[in-house]
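Notes to accompany the following structure.
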Amino acid sequence: MKKLILSEAHDTAYSIHPGSTKMYHDLKERFLWYGMKRAVEEYVAVCDTCQRVKAEHQRPAEWKWEEISMDFIVGLPRTQKGYNSIWVVVDRLTKVAHFIPVNTTYSGARLAELYNSRIVCLHGVPKRIISDRGSQFTSRFWEQLHDSLDSKLRISPTDRWSDGKNKSDPRGHVEGYGTGWDKSTPYAEFSYNNGYQAGPKKSPFEALYGRRCRTPLFWNETGEKQVFGPDLFGDL
């Protein structure tokens, strides 16, 4: 019956594939069952027609990892591997960030190599780079990035001064680890990306993947809830 109601409210000629929010608010005036909102969202999410329409109306400038910002957190204790700063690369749309331990003496070619191994393999090449270091740094890095990709294209990305410092500052986690802070950087990155952000009113991972990633503390938050231990109810 639930599937029939969802199909009738979404797929019929008089429904014309409404979005999940509209569909839910229309349905809840007449129907109600446990998990209905989630059922509506999942139904719309797997609809090929809805996904095609959404992709066609998505403005290129709003796509994920097409516009990034870069910042460097400097003045950190030198680690055994020689790192003394963190290179923060942030997607301007989802706010997903990557924290990359580096040394302030790294050349543009070395940074481009790191960008390939940490960012390009996951998100591709950006259209626009924004950095507090200005257009000269951005242009030089852009050329080095294309060299590392063996590309002959040299279309420069638009550059402007960042509209404020990166809020994805991992400096706090350094305090508890001293000169071993580079080993904890992956956890700091995960914690930031999986945590709630006031701006988008969700976690960066939710903006990127559609949901937060599972953790040992919230093991069931991304799946169906299940109560273990039937003997808990034995005396009821």
Q.
Being assigned to a strand (DSSP E or B) and either among the aromatic types (Phe, Trp, Tyr) or touching a Gly at 6+ places or on another chain (Cβ under 6 Å) (or both) is the filter here; which residues of the stretch 60-97 pass it?
A. PHE72, TRP87
Q) List pairs: first in the stretch 199-216 and more than 17 Å from VAL90 (Cβ to Cβ), second not small (Gly, Ala, Ser), Cβ under 6 Å, 6+ apart or cross-chain? A) ARG211/THR222; ARG212/ASN194; ARG212/PHE205; ARG212/GLU206; CYS213/ASN194; CYS213/PHE205; ARG214/THR222
Q) Any idea how many residues of the stretch 104-134 are among the charged types (D, E, K, R) and either part of a loop (DSSP other than H, G, I, E, B) or not assigned by TED's automatic domain parsing to the domain that holds ILE68 (or both)? A) 3
(Q) Going by what's in this entry, would LEU122 be described as surrounded by 14 or more Cβ atoms within 10 Å (Cβ to Cβ) and among the aliphatic types (A, V, I, L, M)? (A) no
Q: Tell me, yes or no, whether the stretch 141-152 has at least one residue that is of a type in the set (A, V, I, L, M, F, W, C), at pLDDT below 65 and in the same structural domain as LYS95 (by TED's automatic domain parsing).
A: no
Q) If you take the residues in the stretch 55-70 that are within 19 Å of GLY210 (Cβ to Cβ) and surrounded by 12 or more Cβ atoms within 10 Å (Cβ to Cβ), which one is modelled with the lowest pLDDT? A) TRP63
(Q) Checking SER191 against (1) assigned to a helix (DSSP H, G or I); (2) modelled with pLDDT under 75, only one condition comes out false. Which one? (A) (2)
Q.
Being touching a Gly at 6+ places or on another chain (Cβ under 8 Å) and in contact (Cβ under 8 Å) with a residue 40 or more places away in the chain is the filter here; which residues of the stretch 98-129 pass it?
A. none
Q: Answer yes if at least one residue in the stretch 34-46 is farther than 21 Å from ALA207 by Cα, modelled with pLDDT under 90, over 23 Å from the mean Cα position of the chain (by Cα) and not charged (D, E, K, R), and no otherwise.
A: no
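The values are calculated or read from the model by the stated rules, or taken from the named source; none is laboratory data. The structure displayed is predicted, hence computed values, not measured ones. When we count neighbours, we look across all protein chains shown, and the Cβ atoms used for this are built from the backbone with ideal geometry, even at glycine.
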